[in-house]
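Accompanying notes for the structure given below.
The values are calculated or read from the model by the stated rules, or taken from the named source; none is laboratory data. All figures in this text were calculated on a predicted structure; none of them were measured in a lab. Neighbour counts are summed over all protein chains in view; Cβ atoms, including those assigned to glycine, are modelled from backbone coordinates with ideal geometry.
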Amino acid sequence: MHDPALLMQMFALLLVIGAFAGVLAGLLGVGGGIVLVPAFFYAFQTLGYDGPQLMQVCLATSLATIIVTSLRSVLSHNKKGAVDWEILRTWAPGIAVGAILGVLVAAALRSSTLQGVFGVFGIIIGLYMGFGRADWRLGQAMPTGIRRAIYSPVMGFMSVLMGIGGGSFGVPLMSLYNVAIHRAVATAAGFGVLIAVPSVIGFLMLEVAPETRPPYTIGAVNLVAFGIVVAMTLITAPLGVKLAHAMDPKPLKRVFAVFLTLVALNMLRKAVGW
């Protein structure tokens, strides 16, 4: 029997995490995973769950929430005709393959190694958010042929190792290849579904030692965190959207870039044992 007091602490922490992630997603267009993974890690660690597979639980649970939020997002964007289905269709196989490879690699790594991976990529994403420019270009059209065959699985692979959807890598990539930002955001939501579905199926089959995982975890997916965070993000994301229309989100995005970089640096510090 799980300790009721511990369950209440876990419930309260997850309510705050879900609300924060939802507001940020609506306000800045930031994918939930970039916030949820470190938040889950610190919450579960605070509650006493600090086994060698803690990061796998955080990644898997984050990706499970992304199935719901990305699917809802892509359907909403599709009603406005913003999703580029040609990009989604041609990039889908490579992204799915990369996601499956990501699960296989993540399952074999220790939590500290995955913290290091999150730290490195988190710093890169934070720096791009803080200093990237809308007029930067690598080309005038999305890559095809061999470049697409390389980029698409790499995107799926890296996203799973960070527990994030398609936005953090997909939106910058499409923007660099001259895809309009609203179309990039809408299409990246579809990338999130392609990344999250196969990876979560894999993580559900991963064995995690019962004594090191939070209560009500199947495979590496914590059902309590999944349910609470999905419910809270659905409630608070519209609030973030309203705030985005009421103020200029650009300076806030830079502030979040600093915040993300600091979180990533802290993850990196823990990974190397400092």
* **Hey, Val229 of a type in the set (A, V, I, L, M, F, W, C), on the phi < 0 side of the Ramachandran plot and in contact with a Gly (Cβ under 8 Å, 6 or more places away or on another chain) or not** => yes
* Asked: Hey, Val74 hits all of (1) closer than 18 Å to Ala25 by Cβ; (2) of a type in the set (A, V, I, L, M); (3) surrounded by fewer than 21 Cβ atoms within 10 Å (Cβ to Cβ); (4) touching a Gly at 6+ places or on another chain (Cβ under 7 Å) but one; which does it fall short on?
  -> (3)
* To do: Quick one: in segment 164-199, of everything that is part of a loop (DSSP other than H, G, I, E, B) and β-branched (Val, Ile, Thr), which residue is farthest from Gly102 (Cα to Cα)?
  => Val179
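Here are some residues: Gly116, Gly122, Gly130. Which one is closer than 25 Å to Thr261 by Cα, surrounded by fewer than 16 Cβ atoms within 10 Å (Cβ to Cβ), within 24 Å of the chain's Cα centre (by Cα) and not basic (Lys, Arg)?
Working: Gly116 fails: surrounded by fewer than 16 Cβ atoms within 10 Å (Cβ to Cβ); Gly122 fails: surrounded by fewer than 16 Cβ atoms within 10 Å (Cβ to Cβ).
Of Gly116, Gly122, Gly130, the one residue that is closer than 25 Å to Thr261 by Cα, surrounded by fewer than 16 Cβ atoms within 10 Å (Cβ to Cβ), within 24 Å of the chain's Cα centre (by Cα) and not basic (Lys, Arg) is Gly130.
Out of curiosity, is Glu207 in a loop (DSSP other than H, G, I, E, B), on the phi < 0 side of the Ramachandran plot and surrounded by fewer than 20 Cβ atoms within 10 Å (Cβ to Cβ)? If you could, list the steps in order and put the result at the bottom.
Details: in a loop (DSSP other than H, G, I, E, B): yes; on the phi < 0 side of the Ramachandran plot: yes; surrounded by fewer than 20 Cβ atoms within 10 Å (Cβ to Cβ): yes.
Against the criterion (in a loop (DSSP other than H, G, I, E, B), on the phi < 0 side of the Ramachandran plot and surrounded by fewer than 20 Cβ atoms within 10 Å (Cβ to Cβ)), Glu207 qualifies.
Would it be correct to say that Ala231 is buried (at least 22 other Cβ atoms within 10 Å of the Cβ), aliphatic (A, V, I, L, M), at pLDDT 90 or above and out of contact with any Ser or Thr (no Cβ under 7 Å at 6 or more places or on another chain)? Break it down stepwise before answering.
Numbers: buried (at least 22 other Cβ atoms within 10 Å of the Cβ): no; aliphatic (A, V, I, L, M): yes; at pLDDT 90 or above: yes; out of contact with any Ser or Thr (no Cβ under 7 Å at 6 or more places or on another chain): yes.
No.
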* Asked: For segment 218-225, does any single residue satisfy the condition of being in contact with a Phe, Trp or Tyr (Cβ under 7 Å, 6 or more places away or on another chain), assigned to a loop (DSSP other than H, G, I, E, B) and under 17 Å from Ile67 (Cα atoms)?
  -> yes
* Among the residues of segment 171-181, is there at least one that is at pLDDT below 90, within 21 Å of the chain's Cα centre (by Cα), crowded, with 19+ Cβ neighbours inside 10 Å and not hydroxyl-bearing (Ser, Thr, Tyr)? -> yes
